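Peer 1: Here you go, one structure.
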Amino acid sequence: MSQLVINTSFNIELGFALAPIHKRIIAYLLDTFIIVVYLLTVLYAMSSNISDMFDEDNGIGFLLSFLIACPILFYHLASEVLLNGESVGKKIMGLKVISMDGNSPTLSQYALRWFLRPIDFTFTSNLGGIICTAITKHGQRIGDLAADTTVVSKKLPYSIDNTIFKHVNKEAYHVSYPQVMRLSDRDLNTINNILQQHRKSNMYNYLVTIAEKVKTVLDINTDEEAYNFLETLLSDYNYLSQNK
């Protein structure tokens, strides 16, 4: 299965399995089925009075047409924004839209790939999207290429937020342990993984052991609690690495 491999700023590779084209087609058909069922349900519910309402000269027919069309026109955009990259069809097939940097797409990215759907599907009888997805390296249809997004399989096992990247306030931040820069990216990633596991399972004794080992290696003398010490160490690393 093809993969999208992303190198983070800390030299950590994130790998995402690209969605197979047949799963994307099935997800598209499922979403289309939902839209058709909606349209038939609405038309059936209004069948008794719908002809008279559309023949009205007071704008009711136009307003009614617009209200009926809105869920159809905005289905894909609304569902992907609200469901974090998943339409109902994608969720059933275990697919998800992501940005090419591994993060969740922004609203403008969702909007751009939605805006180009007619070129991928409507104007080209679906061939534009299928052919483009099949021939591009990262399985991107025209809307994906423009929005810098793609579709991957299953729920993402991680994101940029799960790496050692941490947001620090550059103006107000004070570095406590400048020795942290002597550690490698692999060392810091290990520390971050340990902290994440501690948050889930409270593995405090192991945390203390790691903290003491790091203090010894970096020749740091502090009584700061193990968890706080390692968190501070990661923040120091982020601040110093971003302000070289």
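The values are calculated or read from the model by the stated rules, or taken from the named source; none is laboratory data. Just so you know, these numbers come straight off a predicted model, no measurement behind them. Neighbour counts are summed over all protein chains in view; Cβ atoms, including those assigned to glycine, are modelled from backbone coordinates with ideal geometry. SASA here: full protein model, heavy atoms, side chains in, ligands and nucleic acids out. Shrake-Rupley method; radii C 1.70, N 1.55, O 1.52, S 1.80 Å.
Peer 1: Of the residues that sit in region 63-97 and are in a helix (DSSP H, G or I) and polar (S, T, N, Q), which one is surrounded by the most Cβ atoms within 10 Å (Cβ to Cβ)?
Peer 2: Selected residue: Ser79.
Peer 1: Count, please, the residues in region 98-137 that happen to be within 21 Å of Pro20 (Cα to Cα) and among the aromatic types (Phe, Trp, Tyr).
Peer 2: Final tally of qualifying residues: 3.
Peer 1: Is it the case, given these coordinates, that Asp120 is at pLDDT 85 or above, open to solvent by less than 70 Å² (accessible area, probe 1.4 Å) and on the phi < 0 side of the Ramachandran plot?
Peer 2: yes
Peer 1: Another one. Hey, could you check region 98-116 for residues that are of a type in the set (A, V, I, L, M, F, W, C) and in contact with a Ser or Thr (Cβ under 9 Å, 6 or more places away or on another chain) and say which is least open to solvent (accessible area, probe 1.4 Å)?
Peer 2: Per the stated criteria, the residue is Ile98.
Peer 1: Give me a count of the residues in region 55-75 that are among the β-branched types (Val, Ile, Thr) and modelled with pLDDT under 70.
Peer 2: Summing the residues that are among the β-branched types (Val, Ile, Thr) and modelled with pLDDT under 70 in region 55-75 gives 1.
Peer 1: Could you list all residues from region 64-109 that are without any contact (Cβ under 8 Å) to a residue 24 or more places away in the chain, over 16 Å from Val151 (Cα atoms) and in contact with a helix residue (DSSP H, G or I) (Cβ under 7 Å, 6 or more places away or on another chain)?
Peer 2: Leu64
Peer 1: Restricted to region 138-187, and to residues that are modelled with pLDDT under 85, among the hydrophobic types (A, V, I, L, M, F, W, C) and over 24 Å from the mean Cα position of the chain (by Cα), which residue is surrounded by the most Cβ atoms within 10 Å (Cβ to Cβ)?
Peer 2: So the residue we want is Val180.
Peer 1: Spot the failing condition for Phe115; the list is (1) on the phi < 0 side of the Ramachandran plot; (2) at pLDDT below 90, and only one is missed.
Peer 2: Exception for Phe115: condition (2).
Peer 1: Going residue by residue through region 44-54, is there one that turns out to be modelled with pLDDT of 70 or more and in a helix (DSSP H, G or I)?
Peer 2: yes
Peer 1: Six or more apart or on different chains, Cβ under 9 Å: which pairs go from a residue in region 208-227 that's in contact (Cβ under 8 Å) with a residue 12 or more places away in the chain and of a type in the set (Gly, Ala, Ser) to one that's open to solvent by less than 90 Å² (accessible area, probe 1.4 Å) and in a loop (DSSP other than H, G, I, E, B)? Could you list them?
Peer 2: Ala211/Glu224; Ala211/Glu225
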